[in-house]
Structure formats: C-alpha cells, structure tokens
Amino acid sequence: MSINLQRAHRERAAMKPRAVESVAGTTMKTVAGAMIVLGAIAFVLALIRGGATIAWEAYLVNLLFFLGVAQGAVVASASFYLTQAKWGGSTPYRLGEAFAPFLWVGFFLFFGLYFGRSLIFPWVTHPIAQKAAWLNTPFLFARDGIGLGVMAAASFAFIRVSRSDGARAWTIATDEIELPPHSIRVFAPLVAVLFAAVYSLIAFDLVMSLAPVWRSTLFGWYFFAGCFWSGLTAMALTAAVLRGRLGENNLFTNPTVMHDFGKMVFAFSVFWIYLLFAQYIVIWYGDLPVETFFIVHRVHHMPWSPLSVACLVLIWLIPFTALMSVRAKKTPVILGTVAGLGLAGMWLERYVLVVPSLSLDAIPFGATQFLISIGFLGAFLISAVPGLNRVAQAATSGEPVGDEAE
Amino acid sequence: MSTIAIISSFADETQCVQAVEELRAAQVGDFNTFSPIPSHKIEHAIGRSKSPVRWLVLAGGISGVLTGLAITIGTTYEWRLNAGGRPLLSWPPFIVICFELMVLLGGIFGFFGVLMLSGVPTTTMAPGYDGRFGEDRFGIVVRCDEAEAARVESMLKESGAEEVVREDEAQPR
C-alpha cells in the first residue's frame with residue numbers, strides 16, 4: 001500500500017461519515033404502494049370503461065421504460081467490472097444493482113401484455129403472411145418471456161457474486177492490478193452480452209412489430225443503448241439526491257465521483273444520438289416509403305413532431321451543452337437536474353416510439369395514462385428500497401475511494 | 001550571491017509530490033520536475049494552470065466545420081445535381097462531412113499544438129536532466145541562492161529523496 005493511500009485512509013478515518021443504515025423505509029414503501037394502487041385502479045377502470053387501447057399503450061410504454069432503467073443500471077455495474085472501474089469503491093456497483101428487483105416485476109408484467117395483445121400488436125388481428133412464422137402470439141411470448149427470464153436470472157446471479165466479499169474487496173483495493181474474481185469474470189460479460197441480445201429482441205418484438213412493415217437493422221442496438229443510458233442517468237440522479245440525505249462526507253460529496261457520473265451521462269448521451277443519426281441517415285439516403293414513414297410520422301407529423309424534438313433536446317442537447325464543463329459535472333444540482341430531465345426525455349422517447357404506431361393523429365395522454373405511469377413508478381420505487389439502503393451503507397461506510405489525491 | 005542548481009531524485013511518486021508541495025510552500029527558488037510517467041499528481045502539485053491547447057483544438061474544430069460547410073455547399077452549387085428530388089442543400093450528409101473534418105482538424109491542431117507548446121522536438125536537454133528520469137526515477141531540479149541551498153537540500157531529503165546533489169558535483173549519465 002503506498003504512502004499516499006495510507007494517508008488517504010487516515011484522513012478518511014478521521015472524517016469518517018456517520019454510517020447510514022437506511023434511506024428508504026416505511027414512508028417510501030407507503031407512498032410507492034399508494035402509487036401502485038392508483039395505477040392499478042386507473043388501469044382497471046380504463047379496461048371497464050372502454051379505454052382499453054389507451055391503457056395498454058401506457059402499460060407497454062412504462063414496461064419498456066422501467067425495465068430498461070432497471071436492466072441498464074445492472075449492465076452498468078457489469079460494465080464497471082469489465083472496465084475494472086475502481087473510481088468509487090463498491091458504491092457505484094451497489095447503485096447499479098439497486099433497481100434490479102424490478103427485473104422480476106417486469107418479467108411478470110410482460111406476460112400481462114398477452115391479454116392486451118389484440119389491441120397492441122396490429123399483426124394479431126391482421127396477420128402478415130410473409131412474417132407469420134416470426135410474428136405470431138405463442139412464439140413471441142415464448143421467446144421474449146424466456147429472454148427476459150434468462151436475463152433476470154443472469155442479472156441476479158451476477159449481483160450475488162458482485163456482492164460477495166471477494167468482489168467487494170477487489171473494488172476497494174485501489175493499489176492492485178489484479179483482475180476481479182473468477183466468478184465475476186464469468187457473469188459480468190454474460191450479463192453484457194445477454195443484454196445486447198435480449199434487448200434487441202425486445203426492441204424488435206415490442207416496438208418495431210407495432211409497425212410490422214417497418215424495419216431498421218440498427219434499431220435493437222439503438223434501443224438498448226437508450227436503456228443503458230437511462231440506467232446511468234437513474235444512477236446519477238440517485239447519487240445527486242442521496243448526496244444531501246446521507247450526512248457529511250458520504251461518497252457522493254466527493255467531487256471526483258460526481259465528475260465520473262457526469263462523464264458517463266455525457267458520453268452515452270452522445271452515443272445515443274450517434275446511433276439515432278446512424279439509422280436516420282441510412283433511411284434518408286434510401287428514401288424508401290416503407291422505411292421513411294416511421295420517421296415522417298414522428299418528426300414531420302403533428303401532433304408528434306414537437307415531442308420528437310423534445311426527446312432530442314432532453315436526451316442529447318441539454319446533457320451535451322450543460323455537462324460539457326468539468327465544474328457542471330461536479331455540481332450535483334446541475335448533474336441531478338440534467339439526469340432527471342434526461343430520464344423524462346427517455347420516457348418520452350419510448351412513448352414516441354410506441355404510441356404513434358397505434359394512435360397516429362392524436363396524443364392519447366390523459367389522466368389514465370398518467371396514473372398508469374405513476375403506478376409503474378411506484379412499483380419501480382418499491383423494488384428499489386432494499387437496494388437503496390445498500391447504497392446508503394456503502395456510501396457512508398468509509399471505504400477508500402479510488403485515487404483520492406487526484 | 002550566486003545561483004546554484006540542486007538535483008534530487010525520488011523513487012516514489014508520492015514523495016516527489018510531497019517535495020514539490022513543500023518547495024512551493026517555502027517559496028525558494030524555482031524548480032523543474034521530471035517524471036518517467038505522465039503523473040496527474042505531480043501536475044496537480046505544481047499547480048500549473050490548464051493548458052491552452054484546448055483553445056487550439058477548439059479553433060481547429062471550428063475551422064473543420066467551416067471547411068466542411070464550404071466544401072459541401074460549394075460543390076453542391078458548383079454541380080447542381082438532382083438526387084432523387086431532394087432539396088439541393090440537404091443537411092443530413094453535410095453533417096457527416098462537417099463532423100469528420102471537425103474531428104480531423106481538431107486532432108491535427110491538438111497534435112501540433114502539444115508539440116509546439118511543449119517545445120518538442122528540442123536538441124538541448126533541460127538543465128539538470130538525468131537519464132534515470134526517463135527510466136524509473138522522479139527528479140526535481142531546484143535553482144536557488146547559494147545561501148538557501150542547505151535548507152532546500154534538507155527539505156528534499158526529508159521528503160524522501162534518494163539522492164541530493166549540487167549540479168557541479170553531479171555525474172551526468
């Protein structure tokens with residue numbers, strides 16, 4: 001151990017933060033529970049009173065969004081191992097894994113789509129002969145269900161080894177160049193590769209098939225890059241919020257750690273727009289009606305056009321301009337605001353991807369869709385309670401943090 | 001009162017940083033630091049302001065975008081080709097050209113900016129440079145008044161210098 005690290009240890013021990021065991025408890029569970037009830041009531045009322053299409057649209061949009069956030073954050077944790085990240089001790093790993101229980105919630109909610117299939121998937125009522133071998137109800141629910149199940153199981157296996165003593169010791173051993181434990185080296189790449197495969201499949205089946213004649217090969221990649229980014233922004237937002245709630249000297253008060261979160265939000269926002277443009281330019285060059293209509297409906301068609309522009313602003317323009325300077329990345333208010341707006345933008349992006357395929361000439365957003373979204377948010381928050389408490393413990397336990405001298 | 005140079009070598013980056021910090025705090029003479037590796041810690045300890053190379057890269061990037069616009073718009077007007085009924089000035093492909101030229105010129109400006117600002121290539125060695133500072137040792141060369149020399153030497157030794165010699169005694173390698 002170098003003298004510098006010993007000094008960092010001593011300094012940190014001297015200013016040891018008050019250990020926080022819990023940041024999310026009964027209050028959060030109660031509020032989240034109430035949100036779930038509200039959402040469920042709104043959903044059932046909509047089904048009874050003839051707003052079934054609107055209800056199922058909101059169900060699908062929120063399922064895609066919240067599953068994306070939860071899975072994207074787990075993949076962020078896995079990618080920290082793949083890049084041997086030690087910039088925040090064990091805390092960024094706990095933060096990425098905090099939302100994971102929603103993966104199982106989402107897995108079960110996915111099968112709910114079975115009951116709304118004729119309202120969501122145009123090819124259920126009007127089968128397309130050439131694509132029937134792929135786009136048929138049993139095969140779709142089987143392959144996507146297995147995909148999501150395997151993904152959730154792999155994620156939880158990964159989280160289990162990630163929380164083991166060996167992996168934790170590795171994350172805080174800043175002076176060693178050893179590789180992570182062997183089990184991590186199996187599960188982290190597995191989660192990353194599965195993510196690319198399963199979420200491409202989800203993108204093709206649950207988004208692209210809503211406009212069954214449209215295709216874009218890159219769409220799956222674009223979709224899961226968005227999921228990954230929404231996971232990162234959820235982590236950055238959580239870090240910015242917890243910073244004020246965990247008392248003095250918690251990990252998130254360290255500017256270099258916030259800087260690192262800011263860098264990731266910045267970088268993968270650029271990656272998202274890169275994939276968007278990569279698809280756009282190919283479709284623009286080809287100029288085939290069967291490909292262009294998907295974009296024309298969303299970008300040049302009212303009332304969707306302003307929403308598409310808003311997505312670009314919230315997901316790319318604001319993060320790119322606001323987070324360009326180091327100081328902005330290190331300022332939690334700015335980073336938190338950008339991340340919050342980015343998450344809103346990502347939700348909107350899912351909405352703009354899904355809904356115009358089903359309702360082209362009007363935005364069906366109203367109380368029903370709002371309350372269903374609230375219900376999903378409640379389910380997401382209640383799933384995150386144990387994980388957030390782990391984050392609080394990790395961020396205040398005084399574990400050494402990366403290269404403190406920098 | 002004559003100025004002399006004191007050459008010290010360190011095996012540990014942290015000790016070198018500590019010596020730099022103490023020299024700065026004591027405000028004796030001026031010094032040069034040599035490092036065999038790029039070291040953020042030493043950079044930080046020296047307290048040098050941010051490199052102006054960023055402005056060169058920005059200038060390069062902007063000139064790249066302008067060059068890209070000039071090429072794309074200029075050639076389009078020079079040869080008015082109707083491509084599938086699209087507007088004459090269609091921005092999607094222009095973005096690609098502008099972006100690539102921004103990266104290219106930004107990179108070239110950055111590369112030559114670094115060379116220029118760091119005085120590379122050079123034919124003369126910095127005074128006090130020792131071959132070991134390019135291998136496995138950190139070095140600090142302090143120029144100060146002869147009267148201060150003893151204080152500086154003890155400061156360097158206390159920080160953990162392996163070797164502290166005056167320039168006239170040094171054996172160049």
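Key figures for this structure:
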item: Net +/- balance of residues flanking A:Phe141 in space, Cβ distance below 15 Å, scoring K and R +1, D and E -1; result: 0
item: Relative exposure of A:Thr331, A:Thr27, B:Thr75, judged by other C-beta atoms within 10 Å (fewest first); result: A:Thr27, B:Thr75, A:Thr331
item: Shape call, the range B:53-118: gyration tensor on alpha carbons, a/c limit 1.5; result: prolate
item: Set of aspartates and glutamates with alpha-carbon distance to A:Lys329 below 17 Å, sequence-local pairs under 8 removed; result: A:Asp260, A:Glu406
item: Positive-end extreme of charge dipole, the range A:162-300 - chosen from A:Ser230, A:Ala278, A:Phe294 (charges on Cβ); result: A:Phe294
item: Value at 222 nm in deg cm²/dmol, rounded to 500, when DSSP H runs of n ≥ 4 in the protein assembly as shown each add -39,500 (n - 2.57); result: -21500 deg cm²/dmol
item: Among A:Val69, A:Val338, A:Val23, residue whose mean-square fluctuation peaks in a GNM of chain A (springs only between Cα atoms under 10 Å); result: A:Val23
item: Given charges at Cβ of Lys, Arg, Asp, Glu: chain A dipole, positive-most of A:Ile334, A:Leu371, A:Gln393; result: A:Gln393
item: Candidate lysines - alpha carbon under 24 Å from A:Lys330, same-chain residues fewer than 8 apart omitted; result: A:Lys16, A:Lys86, A:Lys263, B:Lys41, B:Lys50
item: Chain A: DSSP helices with Cα axial extent of at least 18 Å and average Kyte-Doolittle hydropathy no lower than 0.5; result: A:26-48, A:52-82, A:137-162, A:182-202, A:219-245, A:255-286, A:332-358, A:367-396
item: Loop chymotrypsin sites (Phe, Trp or Tyr not before Pro), the range A:133-237, which have at most 16 other Cβ atoms in a 10 Å radius of their Cβ (DSSP); result: A:Trp134
item: Order of A:Arg160, A:Arg327 under a 10 Å beta carbon neighbour criterion, fewest first; result: A:Arg327, A:Arg160
item: Kyte-Doolittle mean at least 1.0 and Cα axial length at least 30 Å: DSSP H helices in chain B; result: B:53-78, B:91-117
item: Gaussian network model of chain B, springs between alpha carbon atoms under 10 Å - residue of B:Leu81, B:Leu69, B:Leu23 with greatest fluctuation; result: B:Leu81
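All of the numbers you see were taken from the coordinates with simple rules; none came from a lab. The structure displayed is predicted, hence computed values, not measured ones. Every residue, glycine among them, receives a Cβ derived from its backbone with ideal geometry; neighbour counts consider all protein chains shown.
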